[in-house]
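Here the structure comes first, spelled out in structure tokens, and everything after it is commentary.
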Amino acid sequence: MKICQLMKEWWESALISIPDLEQREIAFESRQPGNFIRHLHFESEDSLRDVLIKRCAISLYHSVARKTDNRVIRDVVFDIDVKANDWRIAIELALEEAKMLDEVVKEEFGLECQNKFSGFKGFHKYCRV
């Protein structure tokens, strides 16, 4: 099966959840790693999904900055990676660290965070300010 067909099936069923999507810059890689398409803006997850399918996107990125009312607001992002000989152990340890950080950030700063798998050895934690 060709890569674009595989990616089409992936994007059709993938949950795309980007808080405040319309206020963020979107970028993605198309077909081959390193082929970035940047500085895009979308009003809805459905319109984003359509472009990802049409352009055979293999990865998706969004800015941590949001523009609203002529102000730029930046979310707080934590990159949680753990090195271990076994990647499964690294992921388990990173997830435990992410859970502990959730508690601290919520209790100390009142921020709600979203964990996303970073695709290799850990998680990115996005905390909306």
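The values are calculated or read from the model by the stated rules, or taken from the named source; none is laboratory data. As the structure is a computational prediction, the values presented were derived from the model and not from experiment. Please note: Cβ atoms are built from the backbone with ideal geometry, for glycine as well, and neighbour counts cover all protein chains shown. With ligands, DNA and RNA removed, areas are computed over all heavy atoms of the protein, side chains included. Shrake-Rupley method; radii C 1.70, N 1.55, O 1.52, S 1.80 Å.
So which residues in segment 40-56 are touching a strand residue (DSSP E or B) at 6+ places or on another chain (Cβ under 9 Å), part of a helix (DSSP H, G or I) and open to solvent by 40 Å² or more (accessible area, probe 1.4 Å), if there are any at all?
51
Does residue 108 qualify as being open to solvent by 50 Å² or more (accessible area, probe 1.4 Å), out of contact with any strand residue (DSSP E or B) (no Cβ under 7 Å at 6 or more places or on another chain), farther than 19 Å from residue 7 by Cα and not aromatic (Phe, Trp, Tyr)?
Taking the combined requirement at face value, the residue satisfies it.
Conditions: (1) of a type in the set (S, T, N, Q); (2) open to solvent by 90 Å² or more (accessible area, probe 1.4 Å); (3) in a strand (DSSP E or B). Residue 85 meets all but one. Number of the miss?
(3)
Just to check your reading of the model, which residue among 14, 98 is small (Gly, Ala, Ser) and surrounded by 15 or more Cβ atoms within 10 Å (Cβ to Cβ)? So that I can check it myself, show each step before the final result.
Working: 14 fails: surrounded by 15 or more Cβ atoms within 10 Å (Cβ to Cβ).
Result: 98 is the single residue among 14, 98 that is small (Gly, Ala, Ser) and surrounded by 15 or more Cβ atoms within 10 Å (Cβ to Cβ).
Does residue 37 satisfy being surrounded by 15 or more Cβ atoms within 10 Å (Cβ to Cβ) and at pLDDT 90 or above?
Numbers: surrounded by 15 or more Cβ atoms within 10 Å (Cβ to Cβ): no; at pLDDT 90 or above: yes.
No.
For (1) more than 24 Å from residue 77 (Cβ to Cβ); (2) in contact with a Lys or Arg (Cβ under 8 Å, 6 or more places away or on another chain); (3) touching a residue at least 40 places away in the same chain (Cβ under 8 Å), each residue gets a yes or a no:
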site	(1), (2), (3)
19	no, yes, yes
22	no, no, no
25	no, yes, yes
29	no, no, no
34	no, no, no
41	no, yes, no
44	no, no, no
50	yes, no, no
60	no, no, yes
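Which condition from (1) among the charged types (D, E, K, R); (2) part of a loop (DSSP other than H, G, I, E, B); (3) within 19 Å of residue 117 (Cβ to Cβ) is the one that residue 99 breaks?
Checking residue 99 against (1) among the charged types (D, E, K, R); (2) part of a loop (DSSP other than H, G, I, E, B); (3) within 19 Å of residue 117 (Cβ to Cβ), the one that fails is (2).
Would you mention how many residues in segment 81-116 are within 23 Å of residue 29 (Cα to Cα) and touching a helix residue (DSSP H, G or I) at 6+ places or on another chain (Cβ under 8 Å)?
2
Conditions (1) within 15 Å of the chain's Cα centre (by Cα); (2) at pLDDT below 90, marked per residue:
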{"site": "27", "(1), (2)": "yes, no"}
{"site": "30", "(1), (2)": "no, no"}
{"site": "53", "(1), (2)": "no, no"}
{"site": "68", "(1), (2)": "no, yes"}
{"site": "78", "(1), (2)": "yes, no"}
{"site": "84", "(1), (2)": "no, yes"}
{"site": "97", "(1), (2)": "no, no"}
{"site": "104", "(1), (2)": "no, no"}
{"site": "107", "(1), (2)": "no, no"}
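Exactly one condition in (1) assigned to a strand (DSSP E or B); (2) surrounded by 12 or more Cβ atoms within 10 Å (Cβ to Cβ) is false for residue 79; which is it?
Residue 79 satisfies all of (1) assigned to a strand (DSSP E or B); (2) surrounded by 12 or more Cβ atoms within 10 Å (Cβ to Cβ) except (2).
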